[in-house]
Each structure stands twice: as C-alpha cells, then as structure tokens.
Amino acid sequence: MRHTPYVLIVLRVLLGPTIFWISQINVHSTWLALALIAAFLSDIFDGVIARRLKIVTPALRVADSRTDAWYFAWILITLWRTRRRLLQPYLLWIALEIGLQIFSYLFDYVKYRRITSLHAYSAKVWGLTLFLAIYTLLIYRRAFPWIDIAIGTGIISFVDGLAIKLLLPNWQHDVPSCFHAHRLRSSRSG
C-alpha cells in the first residue's frame, strides 16, 4: 500500500504517451475518455493516499509536479496533432500559459535550485478546469467554454504561485495559497 502513490505517478507518466497513441489510431472514444479519467484520478489520489499513509515527502511531491509537466506536454502534443483547428483561436493564450509555466520553472531554479511543489488550491482548480477542457476537446471536439475557463484559472494559478514564491524565502511544498504563505512568513518573522 505504501507504494500506491508512486504507482499512480508512474501510471500518469505512462498515460501521457498512451493518450497520444490512442488518439492516433481508429478506436472508439471511450478508450480515450477512460485514459483521460484514469490520469485525472491518479493525479488526485496519489496525494490523497500519500497523506493518509503519512508518507508525503518532498521527493514525492516533486515527482508529482514533474509528472504533471510530462503528462501535460503529451496532452498538448496530442491536441496539436488532433484538434489543431479548435486550438487556433487560442494560440496566443496557450503560448502565454506555456510561457508562464517556463518562467515559473526558471524562477524556481534561480530561487530554490529546484522546482517548487506548492499544490496550491488555485493549481487544483486549474487542474480540474484543464481536465474538463482537454476532455471536451478530445471527446466532444469542442473548445468553448472550458478552454476559456482553463486559461483564466491558469493565469490566476500562476499569479498565486508567484506570490507564494515571493513571500517564502525558502523552498517549501504544499502551500495552499498566497494567504497561507503570508501567514507562514509573518509567523516566522514575528
């Protein structure tokens, strides 16, 4: 049971390229839907199970964050190959989101010498809206309204994450919001 969070992370690593492969062959969309749902649930339950088992470690949280980046890179490639026409009106916004993520990783490496693993509430909301946008794009072949919502929550998540990083002088994982980071900073300096 103690290995379950790691198994779920590895599952998500494998599901990224699997979703790309499924999207390229002529199979019923149910398989694609099941793979997307499995990836989404694995992202939720790796952390839930780790907290229940009291085995949350910085290494596990960083592995989860890196896996998210890997998985979403595969999803972006899949969407570009299969739903490019639907993405065209959003290219500038998608480029902005990618740029914000790259900036965030670079900021992490400059400030902390490693990527953060904040798992903030805003990031969880962004993850949910990303799932709904991806699901709608791949299964229903529609972009609106979820891609718009995902872009908005992505920007909010970036701002919240950057505020957390600016408030906290040292690397820390699992910071729920910039308000929590402010309280942490105030309690340490007071």
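The values are calculated or read from the model by the stated rules, or taken from the named source; none is laboratory data. A quick note: this is a predicted structure, and the numbers were derived from the prediction, not measured. Every residue, glycine as well, gets a Cβ built from its backbone with ideal geometry; the counts of neighbours run over all protein chains shown. To get the accessible areas, we keep the full protein, side chains included, count just its heavy atoms, and leave off ligands, DNA and RNA. Shrake-Rupley method; radii C 1.70, N 1.55, O 1.52, S 1.80 Å.
Computed quantities for the displayed model
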{"item": "Qualifying residues in segment 61-82 (those that are buried (at least 17 other Cβ atoms within 10 Å of the Cβ) and in contact (Cβ under 8 Å) with a residue 60 or more places away in the chain) - the one nearest to Ala38 (Cα to Cα)", "result": "Thr78"}
{"item": "Segment 44-55: number of residues that are open to solvent by less than 50 Å² (accessible area, probe 1.4 Å) and closer than 21 Å to Phe131 by Cα", "result": "4"}
{"item": "Restricting segment 96-149 to residues that are of a type in the set (Ser, Thr, Tyr) and touching a residue at least 40 places away in the same chain (Cβ under 8 Å), the residue that is surrounded by the most Cβ atoms within 10 Å (Cβ to Cβ)", "result": "Thr116"}
{"item": "Among (1) surrounded by fewer than 19 Cβ atoms within 10 Å (Cβ to Cβ); (2) in contact (Cβ under 8 Å) with a residue 60 or more places away in the chain; (3) more than 25 Å from His119 (Cβ to Cβ); (4) not basic (Lys, Arg) - the single one Pro58 does not satisfy", "result": "(3)"}
{"item": "Listing of helices (runs of 4 or more DSSP H) fully contained in segment 27-118 that carry 3 or more residues being among the charged types (D, E, K, R) and in contact with a Phe, Trp or Tyr (Cβ under 9 Å, 6 or more places away or on another chain)", "result": "91-112"}
{"item": "Residue list for segment 1-35, filter: out of contact with any Leu (no Cβ under 7 Å at 6 or more places or on another chain), farther than 24 Å from Gln172 by Cβ and open to solvent by less than 30 Å² (accessible area, probe 1.4 Å)", "result": "Leu15, Gly16, Ala33"}
{"item": "Search result, residues across segment 157-181 that are modelled with pLDDT of 95 or more and surrounded by fewer than 16 Cβ atoms within 10 Å (Cβ to Cβ)", "result": "Val159, Leu162, Leu166, Phe179"}
